[in-house]
1. Check whether at least one residue in region 87-104 is within 20 Å of ARG136 (Cα to Cα), of a type outside the set (Asp, Glu) and assigned to a strand (DSSP E or B), and report yes or no.
2. Please determine, by comparing only the residues of region 98-138 that are more than 16 Å from GLN80 (Cβ to Cβ) and β-branched (Val, Ile, Thr), which one is surrounded by the most Cβ atoms within 10 Å (Cβ to Cβ).
3. Inspect region 57-71 for any residue being surrounded by 17 or more Cβ atoms within 10 Å (Cβ to Cβ), within 14 Å of the chain's Cα centre (by Cα) and in contact (Cβ under 8 Å) with a residue 60 or more places away in the chain and give the result as yes or no.
4. Which of the following residues is surrounded by 18 or more Cβ atoms within 10 Å (Cβ to Cβ), of a type in the set (Val, Ile, Thr) and assigned to a helix (DSSP H, G or I): ILE40, ILE24?
5. For the subset of region 113-140 comprising residues that are closer than 21 Å to ALA23 by Cα and in a strand (DSSP E or B), which member is farthest from the chain's Cα centre (by Cα)?
6. Quick check on my filter: what residues within region 102-157 are touching a residue at least 12 places away in the same chain (Cβ under 8 Å) and of a type in the set (Lys, Arg)?
7. Condition check: surrounded by 18 or more Cβ atoms within 10 Å (Cβ to Cβ) and at pLDDT below 95. Does PHE30 satisfy that?
Amino acid sequence: MSSWRLPGPSGGVEVGTATGYGAIHMGWAFERNGGHLTTIEISPRMAEAARRNVAGMKLEKSVRVVEGDALKVIPKLEGQFDFAFIDAVKRDYLKYFKLLEPKLKPGAVIVADNVIRSADAMRDFLDFMREDPNYRMVIIRASDLKNDGLAVIHKLK
């Protein structure tokens, strides 16, 4: 029996770093694939904590922490991405996505956090993803305890 493996993402962006917990876990995957994750955090204190945590895990070559407002940083990012994780200001999810969209490769995967508990705040984003024929979205309940979950979205073309 032959085995096959899908190629892992080579370029990713995270909107909303906090202290870098998610960036570290994603960073390990990017490191293994020879890829790179750029993570954006608006709080200077949190961005510094994330840099320390990323450095503590020796992931500085695979994870870059950018301090700033994602709505201003995303347009300046260079290159194309095949993965995006959005976990920042809930009412701005559609704004983040619209800025990321031209930078997403066909086949890209977008993961949006807190889409059950914060559905009202991001209704425009969720409606857009349900209605746009270029994307397929599934919502996964990640925690019954927190009554929350993730949207996993595939860019078809």
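The values are calculated or read from the model by the stated rules, or taken from the named source; none is laboratory data. None of the values given here were measured: they were computed from a predicted structure. For neighbour counting, all protein chains shown are included, and Cβ atoms are generated from backbone atoms with ideal geometry for every residue, glycine included.
1. Yes, because at least one residue in region 87-104 is within 20 Å of ARG136 (Cα to Cα), of a type outside the set (Asp, Glu) and assigned to a strand (DSSP E or B).
2. Filtering region 98-138 for residues that are more than 16 Å from GLN80 (Cβ to Cβ) and β-branched (Val, Ile, Thr), the one surrounded by the most Cβ atoms within 10 Å (Cβ to Cβ) comes out as VAL115.
3. Within region 57-71, not a single residue is surrounded by 17 or more Cβ atoms within 10 Å (Cβ to Cβ), within 14 Å of the chain's Cα centre (by Cα) and in contact (Cβ under 8 Å) with a residue 60 or more places away in the chain.
4. On the way: ILE40 fails: assigned to a helix (DSSP H, G or I).
Answer to the selection: ILE24.
5. The initial filter retains those residues of region 113-140 that are closer than 21 Å to ALA23 by Cα, namely 113-115, 140.
Narrowing the set further to residues that are in a strand (DSSP E or B) leaves 113, 140.
Details: ASP113: 9, ILE140: 16 Å.
Across region 113-140, the extreme among qualifying residues is ILE140.
6. Correct list: LYS103, LYS105, ARG117, ARG136, ARG141, LYS146, LYS155, LYS157.
7. Details: surrounded by 18 or more Cβ atoms within 10 Å (Cβ to Cβ): yes; at pLDDT below 95: yes.
Answer is yes for this residue.
Each row is one residue, and each column tells you yes or no for (1) at pLDDT 95 or above; (2) farther than 16 Å from MET26 by Cα; (3) of a type in the set (Asp, Glu); (4) in contact with a helix residue (DSSP H, G or I) (Cβ under 8 Å, 6 or more places away or on another chain).
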{"site": "ARG64", "(1), (2), (3), (4)": "yes, no, no, no"}
{"site": "ASP87", "(1), (2), (3), (4)": "yes, no, yes, yes"}
{"site": "LEU100", "(1), (2), (3), (4)": "yes, yes, no, yes"}
{"site": "VAL111", "(1), (2), (3), (4)": "yes, no, no, no"}
{"site": "LEU150", "(1), (2), (3), (4)": "yes, no, no, no"}
{"site": "LEU156", "(1), (2), (3), (4)": "no, yes, no, no"}
